[in-house]
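Novice: Sharing a structure, written as structure tokens. Questions coming.
The values are calculated or read from the model by the stated rules, or taken from the named source; none is laboratory data. These numbers were taken from a predicted model, which means no experiment stands behind them. No Cβ is skipped: glycine too gets one built from the backbone with ideal geometry, and neighbour counts run over all protein chains shown. Protein only, heavy atoms only, side chains kept; ligands, DNA and RNA dropped before computing areas. Shrake-Rupley method; radii C 1.70, N 1.55, O 1.52, S 1.80 Å.
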2 protein chains.
Amino acid sequence: MSDSAKTLPPDPSARPIPVLEIFGPTIQGEGMSIGRKTMFVRTAGCDYRCSWCDSKFTWDGSAKDEIRMLSAAQIVEELFALGGDTFDHVTISGGNPLLISQMSCLVQQLRERGIRTAVETQGSRWQDWLVRIDEVTLSPKPPSSGMDTDFEALDSIVSRLLEAPGRRDLCIKIVIFDENDLTYARAVHKRYPDVPFILQTGNPQVSGESDDHVSSLLKRYEWLIGRLSELPDLKDARALPQLHTLVWGNKRGV
Amino acid sequence: MSDSAKTLPPDPSARPIPVLEIFGPTIQGEGMSIGRKTMFVRTAGCDYRCSWCDSKFTWDGSAKDEIRMLSAAQIVEELFALGGDTFDHVTISGGNPLLISQMSCLVQQLRERGIRTAVETQGSRWQDWLVRIDEVTLSPKPPSSGMDTDFEALDSIVSRLLEAPGRRDLCIKIVIFDENDLTYARAVHKRYPDVPFILQTGNPQVSGESDDHVSSLLKRYEWLIGRLSELPDLKDARALPQLHTLVWGNKRGV
Ligand code: SF4
Ligand code: SF4
């Protein structure tokens, strides 16, 4: 190696990615690709602290010893070691994967292998690799989360995605616990009327199990369907539960 | 009216449509538009007799007194009387709506009002109005139904839909009770690799209720996810339950 090569700055996209979980194949349990066979890569770290976050271990320090710093190539290798020849779709989840600029390298390597990619983010941060994702879910957080939405950031993300060349699926998905959340959701839908829109049943019990967890989630879902049915400003909208929570409760890695 | 007008043959598309149920707004509980707000029009009559049919009343005579012969205009009127200004999507369901040629008139009237339409059929019969439907679900029946698939008819329907000008969403959805059904489904997917593909949990108890109906459906769904996960010939596929059955059991009109 020449001296000049030695002194080149490291390629920033080659920095390792903080990973908490790699699992699958399983199904995507929620959102626009609900039911779709996929593998999951869950990154560590979030810029939010939602009260009902179902992935608190990605940011509250409780799983910090499980975080692995992996290169894109290592992640791809582990995906294929787990999923072999059975999958063609990878969901990048968090935490907020949009904190991680070096994700571009993983996205590129998956594309090169013909793997479809999906990402979910609250829509607080931009990264250029987002335009190369096939299925982008923006999930701004309603009042019950305790978070405030930065609508300037969200506006800019939505318009960059809508204007970027290339084809991708985009949707906005909002977790609904109560009437306030629904009011927020309706305002978001009005702000971005051209983006497909999903209301998702909130899960009030994000750790442990109880006997009536499924029936309480289904009751919340029934309420949500009833409210959606009544609202003239939500015509072209979907109401969906989290299927993985119905099937597996709050178990991780499924 | 002149004599010549009097003797014109009646417009065949103006014949009334045999309707069993008109209800909504609610959500589409299954398939490609799962969760989507919609109204339902359920027609009477089917050319199949599936062992586990969840709409036997559409063909077994048990609800024959409820069948109403309605014009397209009457159906549209009733949809708006029920749904008012809250909906923009109508699902035409059965029975097999493809038995009804005069459906063309309803499809046309809904299009003129900017309403999106969806139809589900087993794929045994063709009608020209099918190309004007926005979301077509072909649901050929697996061995557990006791029916035989006419693959020549299905081939012809799939290719006519794929070749017809205009935009529509098309999917194949197969109900899965057991390993035989899955073998059948894999062969169907291989035959039509370009058509989006959905596996749907079978519901073995299509009337009445039992305490463990939900948990037994969720166990079946978990099995289906596990099998889908393992299969390299089903990469780009979805596994979905029937959400309405989880929420409402076998209740009609929701
Ligand atoms: S944005 Fe998502 S990962 Fe972050 S705290 Fe909220 S729910 Fe949890
Ligand atoms: S094709 Fe559908 S409506 Fe007809 S018998 Fe089978 S399940 Fe019932």
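Novice: Amide H of A:Arg36: which non-local residues (sequence gap of 5 or more, or other chain) have their own amide H closer than 5 Å, using H built in the peptide plane?
Specialist: A:Gln28, B:Ala239
Novice: Once you charge only the Cβ atoms, +1 for Lys and Arg and -1 for Asp and Glu, what is the size of the charge dipole of the stretch A:142-194 about its Cα centre, to the nearest 20 debye? Provide the component values of the computation, followed by the final result.
Specialist: Details: 7 positive and 10 negative charges, 60 e Å.
Here the stretch A:142-194 has a charge dipole of around 280 debye.
Novice: Can you compute the modelled spin-label distance between A:Lys219 and B:Asp85, with each label point 7 Å from Cα toward Cβ, in nm?
Specialist: 3.4
Novice: Kindly state, as a whole number, the per residue volume in cubic angstrom of the convex hull around the alpha carbon atoms of the stretch B:31-166.
Specialist: Numbers: hull volume 15.6 nm³, N = 136.
Per-residue hull volume (Cα only) is 115 Å³.
Novice: To make sure I understand the rule: partners must be lysines, Cα under 29 Å from the Cα of A:Lys64, and not fewer than 8 residues away in the same chain. Which ones qualify?
Specialist: A:Lys37, A:Lys56, A:Lys141, A:Lys173, A:Lys251
Novice: Moving on. With axes computed from alpha carbons, what is the tilt in degrees of helix A:72-83 against the longest principal axis of chain A, rounded to the nearest 10 within 0 to 90?
Specialist: Approximately 60 degrees, to the nearest ten.
Novice: From zero up to wherever the largest Cα-Cα distance of the stretch A:43-108 sits, split into 5 Å bins and tell me the percent of pairs in each.
Specialist: It works out to 4, 15, 23, 23, 19, 11, 5, 1, in whole percents.
Novice: Another question, if that's okay. Can you tell me how much longer the chain between B:Ser156 and B:Asp236 gets when fully stretched, taken as 0.36 nm per residue apart minus their C-alpha distance, in nm with one decimal?
Specialist: Values: separation 80, 0.36 × 80 = 28.80 nm, distance 2.32 nm.
So the chain would gain 26.5 nm between B:Ser156 and B:Asp236.
Novice: If you don't mind, there's one more thing I want to ask. Give me the tail of P(r) for chain B as a percent: Cα-Cα pairs with distance above 24 Å.
Specialist: Numbers: 15566 of 32131 pairs.
The share of Cα pairs beyond 24 Å in chain B comes to 48 percent.
Novice: Shifting gears a bit: Taking H as built 1.01 Å from N, whose amide H comes closer than 5 Å to the amide H of A:Ser93, not counting residues under 5 places away?
Specialist: Result for A:Ser93 returns A:Val41, A:Arg42, A:Thr43.
Novice: Further, regarding this structure: Using 7 Å Cα-to-Cβ label points, what is the B:Gln109/B:Glu163 separation (nm, one decimal)?
Specialist: So the two model labels end up 3.3 nm from each other.
Novice: Where does helix B:213-230 land angle-wise versus the long Cα axis of chain B, in degrees 0 to 90, nearest 10?
Specialist: It works out to around 70 degrees.
Novice: Okay, next question. Taking springs between alpha-carbon atoms closer than 10 angstrom, which of A:Ala44, A:Ala72, A:Ala14 fluctuates most in the Gaussian network model of chain A?
Specialist: Sorting by GNM fluctuation, first place goes to A:Ala14.
Novice: Then there's this: Give me the residues in the stretch B:24-60 whose solvent-accessible area, probe 1.4 Å, is reduced by at least 20 Å² once all protein chains are included instead of the chain isolated.
Specialist: Listed by number, the residues meeting the 20 Å² cut-off are B:Pro25, B:Ile27, B:Ile34, B:Gly35, B:Arg36, B:Lys37.
Novice: Quick one: pull the percent of accessible area on the protein assembly as shown belonging to carbon and sulfur, 1.4 Å probe, ligands and nucleic acids left out. Could the numbers behind the result be given before it?
Specialist: On the way: 10970 of 21790 Å².
Ligands and nucleic acids excluded, carbon and sulfur give 50 percent.
Novice: Then there is this: If you fit an axis through the alpha-carbon atoms of helix A:103-112 and take the longest principal axis of the Cα set of chain A, what angle between them do you get, 0 to 90°, nearest 10?
Specialist: 90
Novice: Moving on. Nearest 100 Å², what total accessible surface is buried between chain B and chain A (probe 1.4 Å)?
Specialist: Details: alone 12310 and 12340 Å², together 21790 Å².
In total, this chain pair buries about 2900 Å².
Novice: List, shortest first and in nm to one decimal, how far the label point of A:Gly166 (7 Å from Cα along Cα→Cβ) is from its counterparts in the other copies.
Specialist: Distances between equivalent label points, in nm: 3.4.
Novice: No partner Cβ under 4.7 angstrom, meaning no disulfide-compatible partner by this rule: which Cys of the protein assembly as shown qualify?
Specialist: That list is A:Cys46, A:Cys105, A:Cys171, B:Cys46, B:Cys105, B:Cys171.
Novice: Can I ask one more? Tabulate in residue order the Karplus-calculated ³J(HN,Hα) for the stretch B:49-59, using 6.51 cos²θ - 1.76 cosθ + 1.60 with θ = phi - 60°, rounded to whole Hz; enter x for Gly and Pro.
Specialist: These are the phi-based 3J(HN,Hα) values: 9, 5, 4, 10, 3, 8, 10, 3, 4, 6, 9 Hz.
Novice: Oh, and also: Name the residues of the stretch A:192-235 whose accessible area, probed at 1.4 Å, falls by at least 20 Å² once all protein chains are in place instead of their chain on its own?
Specialist: A:Val214, A:Leu218, A:Tyr221, A:Glu222, A:Ile225, A:Leu228, A:Ser229, A:Pro232, A:Lys235
Novice: In addition: Between copies, how close do the A:Trp52 label points come, placed 7 Å along Cα→Cβ, listed in nm from shortest?
Specialist: For A:Trp52, the inter-copy label distances come out at 3.3 nm.
Novice: If you plug each phi of the stretch A:23-32 into the Karplus form 6.51 cos²θ - 1.76 cosθ + 1.60 with θ = phi - 60°, what whole-Hz ³J(HN,Hα) values come out, in order, with x for Gly and Pro?
Specialist: Ordered by residue, 3J(HN,Hα) equals 8, x, x, 8, 9, 6, x, 8, x, 5 Hz.
Novice: If you don't mind, there's one more thing I want to ask. What ranking do A:186-197, A:15-26, B:132-143 get when scored by the average of other Cβ atoms within 10 Å per residue, highest first?
Specialist: Numbers: A:186-197: 15.2, A:15-26: 19.8, B:132-143: 21.5.
Packing proxy ranking, top to bottom: B:132-143, A:15-26, A:186-197.
Novice: A further question on this structure: If one computes P(r) from the Cα atoms of the stretch B:89-173, what percent of pairs lie at distances over 14 Å? Intermediate values should be presented prior to the final figure.
Specialist: Working: 2213 of 3570 pairs.
Result: 62 percent of Cα pairs exceed 14 Å.
Novice: Reported to two decimal places, what Rg/Rh ratio describes the protein assembly as shown when computed on Cα atoms with Rh from the Kirkwood expression? Let's see the in-between values first.
Specialist: Numbers: Rg = 24.3 Å, Rh = 24.4 Å.
With Rh from the inverse mean 1/r over Cα pairs, Rg/Rh is 1.00.
Novice: Per residue, how much accessible area does chain A show when a 1.4 Å probe rolls over the protein heavy atoms, in square angstrom?
Specialist: Details: 10900 Å² over 254 residues.
Accessible surface, normalised per residue, equals 43 Å².
Novice: Let me ask you something else. Could you size up the charge dipole of the protein assembly as shown around its Cα centre, putting +1 on the beta carbon of Lys and Arg and -1 on that of Asp and Glu, and report it in debye to the nearest 20?
Specialist: 380
Novice: With θ set to phi - 60°, apply the Karplus curve 6.51 cos²θ - 1.76 cosθ + 1.60 along the stretch A:173-180 and write out the HN-Hα couplings as whole Hz, x wherever there is a Gly or Pro.
Specialist: Ordered by residue, 3J(HN,Hα) equals 10, 10, 6, 10, 9, 7, 4, 4 Hz.
Novice: Shifting gears a bit: Counting only residues 5 or more places away or on other chains, whose amide H sits under 5 Å from the amide H of B:Val175 once H atoms are built in the peptide plane?
Specialist: Under 5 Å from the amide H of B:Val175 lie the amide H atoms of B:Gln200, each far enough along the sequence or on another chain.
Novice: Taking a label point 7 Å out from Cα toward Cβ, give me the nm distances from A:Asp65 to the same spot in the other copies, shortest first, one decimal.
Specialist: 7.1
Novice: Counting pairs of Cα atoms in the stretch A:142-197, how many percent are more than 19 Å apart? Could you put the intermediate results ahead of the total?
Specialist: Details: 472 of 1540 pairs.
Considering the stretch A:142-197, 31 percent of its Cα-Cα pairs are separated by more than 19 Å.
Novice: Something else now. Short version: what are the Cα gyration tensor semi-axes of the stretch A:152-240, square root of 5 times each eigenvalue, largest first, in whole Å? Kindly include the intermediate steps, with their values, before the conclusion.
Specialist: Details: eigenvalues 156, 49, 26 Å².
Semi-axes, largest first: 28, 16, 11 Å.
Novice: Sum up the charges of everything whose Cβ sits under 12 Å from the Cβ of B:Leu170, counting Lys and Arg as +1 and Asp and Glu as -1, but leave B:Leu170 out.
Specialist: Details: positive: B:Arg160, B:Arg167, B:Arg168, B:Lys173; negative: B:Glu120, B:Asp134, B:Glu135, B:Glu163, B:Asp169, B:Asp194.
Net of charged neighbours comes to -2.
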